[in-house]
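Okay, so here's the structure we're looking at.
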Amino acid sequence: MTFSLAGRCLETGRIGFAVATSSVCVGARVGAVTDGCVVFSQARTDPRLHAFGLAAWHRTADAGQTLAAMRDAATAPHWRQLGVLPLKGTPLHHTGASCLPHCGGEIGTGCLALGNFLGTPDVLPEMVRAFEAATGPLEERLQTGMKAGEAAGSEKEPLQSAALKVLGSDGLMDADLRVDFSTDPLAELNRLWDDWAPKSAAYRLRAIDPDSAPSSAAVEGRRD
């Protein structure tokens, strides 16, 4: 009962994903990102599988071995939906036979869409189409793709939670936003992004060069 979109930007080396579902707290359960790779475990989700994928990626830098490590570690893989998006190379995915239709994966230019229990078979193709056509920061392209999936049929149950994660340089997350419970989580995620986007560079500078960074009060527009 989830649809997700991983994306990459070869120009900047940034990589990340967005996800939404009809249950709560999807950001705690679906998706992980590391330098050069996004991994997904969804459907009947086991977030422990992300660790197997990330470990295989760090060991091999190979998408096939990363997906195999998660699939081999999975209990009842017929209930699991797994995905790997490398920064370079072909994305890969697995959808078990027991995942609820409409379900599957769609590979696009620089992206991978996964979903199960979807409202229509158009959801994943529309996510890919919208991501490929969008411009601007990776975070906004991912959100554009997710909104297109929602408009094309979303899930068969109302969405409740969403998340957005994008890894930038120096091992720092450029965005790590979660909506854990909402009647319109993708819209709420967009509001969080609109607030965070102009502040992101300042908080990155606080990590890299704190002597040169503005105060949090200045970043947040407070007088104190």
The helix 48-60 Cα axis meets the longest alpha-carbon principal axis of the chain at an angle in degrees, between 0 and 90 and rounded to 10, of 80
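Order these by the 10 Å Cβ neighbour count, fewest first: MET146, MET127, MET173.
Result, fewest neighbours first: MET173, MET146, MET127.
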Under a cut-off of 19 Å between alpha-carbon atoms, report the aspartates and glutamates in cross-link reach of LYS88, not counting same-chain residues fewer than 8 places apart.
-> GLU11, ASP35, ASP62, GLU106, GLU132, GLU139, ASP170
Of LEU138, LEU186, LEU172, the most mobile residue in a GNM of the chain (C-alpha springs, cutoff 10 Å) is LEU172
Read-out Cα extents along the principal axes in Å, candidates (1) 56, 40, 30; (2) 72, 37, 31; (3) 87, 36, 26; calculated match is (1)
Pop a pseudo-label 7 angstrom from the Cα along the beta-carbon direction at both ALA202 and ASP184 and give the gap in nm to one decimal.
-> 2.8
Once the Cα atoms of helix 123-133 and of the chain are each reduced to a long axis, what angle between those two axes, in degrees from 0 to 90 to the nearest 10, is obtained?
-> 40
So between ALA218 and GLU132, what do we pick up on full extension, going 0.36 nm a residue minus the alpha carbon distance?
-> 27.3 nm
Taking springs between alpha-carbon atoms closer than 10 angstrom, which of PRO214, PRO86, PRO185 fluctuates most in the Gaussian network model of the chain?
-> PRO214
Part-to-part distance (alpha-carbon centres) for segment 169-220 and segment 109-146, which is given in Å | 23
Cα long-axis angle, helix 138-151 against the chain (0 to 90 degrees, to the nearest 10) = 50
Trypsin sites (Lys or Arg not before Pro) restricted to segment 134-224 and DSSP loop, no more than 11 other C-beta within 10 Å | ARG222, ARG223
Can you tell which of GLN143, GLN81, GLN160 shows the greatest fluctuation in a Gaussian network model of the chain with Cα springs below 10 Å?
-> GLN160
At what distance in angstrom do the alpha carbon centres of segment 74-99 and segment 8-73 lie from each other?
-> 9
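Taken together, the values in this text are just the output of simple stated rules run on the coordinates, not laboratory data. Every value quoted in this text rests on a predicted model; they were computed, and no experiment measured them. Every residue, glycine as well, gets a Cβ built from its backbone with ideal geometry; the counts of neighbours run over all protein chains shown.
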